[in-house]
Amino acid sequence: MDKKKSIITIFLLAIIFLIAWATITFLFSDDSEDLGGGYTYYSEQKMICGKYQIPPTILEYRYNSEIIIVKQHPTKYKDIMYTDYNYPLGRDTIYYWIIEKKSNTIIGPINYNEFSKEISKYKGAAEPF
């Protein structure tokens, strides 16, 4: 009987340990990616934060040691946090952004034609969309 109790106890402790490990992993994991230059992409919020923020919703981004390029579709409704952003073609348009890491400057939100002109200055810096 003692052997049976020991096996059950070990089994229950293993289950408790696995549940605790899964809970801790879930609570303390963040789906973020360090983009360098003090910028981080947060996948849950679909935004980039750093000296400048690119608000949701980020559709795609690419980066290397020099720049970060972003394809963004702004949220439909104005968010109190992002009232400073001027979307000249409205919120139903896809916009593009370029962040220069070394100079810590940002270009955007701009349309695709403007983006194509600007990104051509960075040949080889990052693969455009």
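Condition check for PRO56 on (1) modelled with pLDDT of 95 or more; (2) touching a Lys or Arg at 6+ places or on another chain (Cβ under 7 Å): one failure, at (1). Among the residues of the stretch 28-55, the one identified as touching a Pro at 6+ places or on another chain (Cβ under 8 Å) and surrounded by fewer than 16 Cβ atoms within 10 Å (Cβ to Cβ) is GLN45. The set of residues from the stretch 1-16 being in a helix (DSSP H, G or I) and either open to solvent by 100 Å² or more (accessible area, probe 1.4 Å) or of a type in the set (Phe, Trp, Tyr) (or both) comprises ASP2, LYS3, LYS4, LYS5, ILE7, ILE10, PHE11, LEU13, ILE16. As for the stretch 63-86, it holds at least one residue that is in a loop (DSSP other than H, G, I, E, B), under 19 Å from TYR112 (Cβ atoms), modelled with pLDDT under 90 and not hydrophobic (A, V, I, L, M, F, W, C).
LYS76 meets all of the listed conditions (1) surrounded by fewer than 16 Cβ atoms within 10 Å (Cβ to Cβ); (2) within 17 Å of the chain's Cα centre (by Cα) but one, namely (2).
Looking across the stretch 19-53 at every residue that is of a type in the set (S, T, N, Q) and farther than 18 Å from ILE110 by Cβ, the one that is modelled with the highest pLDDT is identified as THR40.
The values are calculated or read from the model by the stated rules, or taken from the named source; none is laboratory data. Source: prediction; values computed, not measured. A quick note on method: Cβ atoms are made from the backbone with ideal geometry, for glycine too, and the neighbour counts reach across all protein chains shown. Please note that ligands, DNA and RNA were not included when accessible areas were found on the heavy atoms of the full protein model with its side chains. Shrake-Rupley method; radii C 1.70, N 1.55, O 1.52, S 1.80 Å.
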